[in-house]
Amino acid sequence: FKVIEDKIVITAIADGVGSCALSDDGAEVAVESALAYLEEYFINELKQESFEFDDPAKMGKALRAMMRFAFENVEKRAVELQQLSYSFQSTLTVAAYDGYTLYFAHAGDDGIVALNKMGTYALVTSRHKGEEASSVYPLQSQNTWQFGKVNDTVAFVMATDGVLDAFVGSLSENN
């Protein structure tokens, strides 16, 4: 996580896909790339007098660009190491928060649970799992990326799948 000018918190988590040999490296590159992109983005935006955090179109565009940047950097890492890009598959969940509004970008089976000002907790991301119980749609499955905005957020927690499973139930259990 990083705090940008005491105004915006950016966070990122990733979990390597277990069946992929270099997924831990892919997860690390994805997180570092996502945070670096958003840090530069917000530092530049906060210099603008007209900057508004609560601009869904602008934030959506920035989060999509950040996900592409993270994906491309993971692909570059595979080329640098002369390895198959498949070996670097990982999840990626990223959030930007100003103390009220939470924006997120998400790929995989990790998740974000947010607490609203009414005291209600909710899983705000979807678990992107494949046909088989142990399969996941990672960062590399670009058509499954999820983006969102949650207002009235007073706190949130991000967790990779193993930890998230400990405190978030299935949809039939109303999470």
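The values are calculated or read from the model by the stated rules, or taken from the named source; none is laboratory data. The model shown is predicted, which means the values in this text are computed figures rather than measured ones. Cβ: placed from backbone, ideal geometry, glycine included. Neighbour counts: every protein chain shown. Note: areas computed on protein heavy atoms with side chains; ligands, DNA, RNA excluded. Shrake-Rupley method; radii C 1.70, N 1.55, O 1.52, S 1.80 Å.
With +1 on the Cβ of every Lys and Arg and -1 on the Cβ of every Asp and Glu, and nothing else charged, how large is the dipole of the chain about its Cα centre, in debye rounded to the nearest 20?
Working: 13 positive and 26 negative charges, 67 e Å.
That gives the chain a dipole magnitude of about 320 debye.
Given H placed on each backbone N at 1.01 Å, which residues far from Ala155 in sequence or on other chains put an amide H within less than 5 Å of it?
Leu115
Using only C-alpha positions, report the orientation-averaged shadow area of the convex hull of region 15-107, nm², one decimal. Don't jump to the answer; show the numbers that get you there.
Working: hull surface 24.9 nm².
If I average the Cα hull's projected area over directions, I get 6.2 nm².
Taking a quarter of the surface of the convex hull around the Cα atoms of region 37-77, what do you get in nm²?
Working: hull surface 11.7 nm².
Over all viewing directions, region 37-77 projects a mean Cα-hull area of 2.9 nm².
List the chymotrypsin sites (Phe, Trp or Tyr not before Pro) within region 31-63 that fall in a DSSP loop (any state other than H, G, I, E or B) and whose Cβ has at most 14 other Cβ atoms within 10 Å.
On the way: sites: Tyr37, Tyr41, Phe42, Phe51, Phe53; in loops: Phe51, Phe53.
Those that pass, being in a loop and sparsely packed, are Phe51.
Highest GNM mean-square fluctuation, the chain, Cα pairs closer than 10 Å: which of Glu52, Glu75, Glu39?
In this elastic network of the chain, the residue with the biggest mean-square fluctuation among Glu52, Glu75, Glu39 is Glu52.
Can you find, among Gly162, Tyr121, Gly60, the residue sitting farthest towards the positive end of the charge dipole of the chain, where Lys and Arg contribute +1 and Asp and Glu -1 at Cβ?
Farthest towards the positive pole: Gly60.
Between region 99-131 and region 1-55, how many Å separate their Cα centres?
Region 99-131 and region 1-55 have Cα centres spaced 16 Å from each other.
Could you pull out the pairs from Lys7/Lys61; Lys2/Lys129; Lys76/Lys129 whose alpha carbons sit more than 27 Å apart here? Write out the running numbers ahead of the final one.
Numbers: Lys7/Lys61 20 Å; Lys2/Lys129 29 Å; Lys76/Lys129 25 Å.
Over 27 Å apart, Cα to Cα: Lys2/Lys129.
How about region 5-67: which trypsin sites (Lys or Arg not before Pro) there lie in a loop by DSSP and see at most 14 other Cβ atoms within 10 Å? Don't skip to the end; give the middle numbers.
Numbers: sites: Lys7, Lys47, Lys58, Lys61, Arg64; in loops: Lys7, Lys47.
Filter output for region 5-67: Lys7, Lys47.
In region 1-110, carbon and sulfur make up what percent of the accessible area (probe 1.4 Å)? Before the final figure, lay out each step's value.
On the way: 2610 of 5360 Å².
It is 49 percent, rounded to a whole number.
Let a ≥ b ≥ c be the square roots of the eigenvalues of the Cα gyration tensor of the chain; is it rounded (a/c under 1.5), or, if not, prolate (a/b larger than b/c) or oblate? Provide the component values of the computation, followed by the final result.
Numbers: a/c = 2.20, a/b = 1.16, b/c = 1.90.
Here the chain falls in the oblate category.
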